[in-house]
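Worksheet: one structure, shown below.
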Amino acid sequence: MKRIAVLTSGGDAPGMNAAIRSVVRVGFSRKIEVIGVFEGYRGLTQKSFKNLLPRDVSGLLEEGGTFLLSSRTEEFKEDKIQELAIKNMKEEGIEGLIVIGGNGSQSGSLALFKKGFPVVGVASTIDNDLWGTDYTIGFDTAVNTAIEAIDKIRDTATSHSRTFIVEVMGRDRGFIALEAGLASGADIVLIPERKFDIDKIIENIKAGLKKKKKHHMIITAEGAIHAQDLQSEIKGRLPDLDVKYSVLGYIQRGGAPTRFDRIIATMFGAEAVELLIKGTPGFVVGIKDNHIVHIPIEDAVKKFKEINYKLYDIIEEVSV
Ligand code: F6P
């Protein structure tokens, strides 16, 4: 294999740039040409290609976002678009592709692989919802960003004896909410994977007020209930309670990647190049029990990643 391409797809994640940097530099050291593809899968159909050399990725390790840009390309689900992408890569002499992205992006990888094109995925999404890997690139940074914001909100919640609801990202999963909630000492964490009872939430708040607890912190995953809707539910039952909310939103997608994200991004990128060199595509690179793993793409996108309910159960016990 002498020439490979790399692209970033779907929601951007801090650490994507570090993974690109690793692919380019490891490729170069293995005497492989690396082509950058701009704007995710759209770049394949539009031939937005650029030869990348080691100097082209200087200063990327610590940069959030993705310098190759990204896109959500719904049309890539179409057979003819996938065929066009393969045709364009072959015309460019590209023999293998590395896709840095989450579930949706790896579904695109699977489609190309099933059509016989050598593809390797790199697990990257702030949602951390890809089966087979303990962590995806970007998740650690997003959770730390959320914790920092929640800690700041707690300052004003205590100053004004308020109940604060903070909504975090995660699409339809609760991985961000769970870790950010536990690490920030939230009183209540709402995740899509666990049905919640509004009356129980009200009882929890009332019990706190009885114990002269001045403020309450509730973290909700966007896929569980939106903060504004929960505020209405609570105010409907406790009209005298001062309830505010903040939606963290896209701040969780940016920022300099943490040490952990930089390390796994670099390791994942290098391993992806290795798999293409060895002629063993069809996997997503991830990490399990601190070891780099190769997850069959089909498993990564189709299997359901379970939540660690031990984290969920301890939250109530440690909140007073
Ligand atoms: O998948 C990452 C993510 O940030 C989700 O947590 C969020 O729900 C979604 O992307 C937002 O999508 P978009 O960037 O298309 O608005």
### All positions within the range 168-198 that are within 19 Å of the chain's Cα centre (by Cα), surrounded by 15 or more Cβ atoms within 10 Å (Cβ to Cβ) and part of a loop (DSSP other than H, G, I, E, B)
Met169, Gly170, Arg171, Arg173, Gly174, Ile191, Pro192, Glu193
## Note on the structure
Reported set for the range 100-147 where residues are farther than 19 Å from Gly40 by Cα, polar (S, T, N, Q) and either away from the ligand (no atom under 12 Å from the Cβ) or not in a loop (DSSP other than H, G, I, E, B) (or both) is Thr133, Thr141, Asn144, Thr145
### Task
Read through the list (1) buried (at least 16 other Cβ atoms within 10 Å of the Cβ); (2) assigned to a helix (DSSP H, G or I); (3) not hydroxyl-bearing (Ser, Thr, Tyr), then give the number of the only condition that Ile295 fails.
(2)
### Task
Would you confirm whether any residue within the range 91-99 is surrounded by fewer than 18 Cβ atoms within 10 Å (Cβ to Cβ), part of a helix (DSSP H, G or I) and away from the ligand (no atom under 16 Å from the Cβ)?
yes
### Query
Which of the residues that make up the range 223-245 are away from the ligand (no atom under 16 Å from the Cβ), aliphatic (A, V, I, L, M) and assigned to a loop (DSSP other than H, G, I, E, B)?
Leu238, Leu241
### Task
Being β-branched (Val, Ile, Thr) and not in a helix (DSSP H, G or I) is the filter here, so list the residues in the range 263-292 that pass it.
Thr280, Val284, Val285, Ile287, Ile292
### Query
Tell me, which residue of the range 230-268 that is more than 18 Å from Ala157 (Cβ to Cβ) and among the β-branched types (Val, Ile, Thr) is surrounded by the most Cβ atoms within 10 Å (Cβ to Cβ)?
Ile264
### Task
Scan (1) farther than 14 Å from Val273 by Cα; (2) acidic (Asp, Glu); (3) modelled with pLDDT of 95 or more for the single condition Glu74 breaks and write down its number.
(3)
### Residue tally, condition buried (at least 24 other Cβ atoms within 10 Å of the Cβ) and either touching a helix residue (DSSP H, G or I) at 6+ places or on another chain (Cβ under 6 Å) or β-branched (Val, Ile, Thr) (or both), over the range 25-47
5
### Tally of residues being part of a loop (DSSP other than H, G, I, E, B) and out of contact with any strand residue (DSSP E or B) (no Cβ under 6 Å at 6 or more places or on another chain) across the range 63-90
9
## Note on the structure
Going through the range 168-196 in order, the residues found to be more than 15 Å from the ligand (Cβ to nearest atom) and of a type in the set (Val, Ile, Thr) are Ile188, Val189
### Task
Look through Ile150, Ile165, Ile205, Ile201 and report the one residue that is outside the structural domain of Asp289 (by TED's automatic domain parsing), over 16 Å from the mean Cα position of the chain (by Cα), away from the ligand (no atom under 15 Å from the Cβ) and not in a helix (DSSP H, G or I).
Ile165
### Query
Has the range 51-62 got at least one residue that is assigned to a strand (DSSP E or B), under 26 Å from Phe260 (Cβ atoms) and either aliphatic (A, V, I, L, M) or under 17 Å from the mean Cα position of the chain (by Cα) (or both)?
yes
### Query
Could you give every pair whose Cβ atoms fall below 7 Å, whose first residue belongs to the range 62-84 and is in contact (Cβ under 8 Å) with a residue 12 or more places away in the chain, and whose second residue is of a type in the set (Phe, Trp, Tyr) and not in a loop (DSSP other than H, G, I, E, B), counting only separations of at least 6 or pairs across chains?
Ser71/Tyr41; Thr73/Tyr41; Phe76/Tyr41; Gln82/Phe76
### Query
Looking at Ala227, Ala272, which is the one that is touching a Phe, Trp or Tyr at 6+ places or on another chain (Cβ under 6 Å) and buried (at least 16 other Cβ atoms within 10 Å of the Cβ)?
Ala227
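The values are calculated or read from the model by the stated rules, or taken from the named source; none is laboratory data. What you are looking at is a predicted structure, and each value in this text was computed from that prediction instead of being measured. Note: ideal-geometry Cβ built from the backbone for every residue, glycine included; neighbour counts use all protein chains shown.
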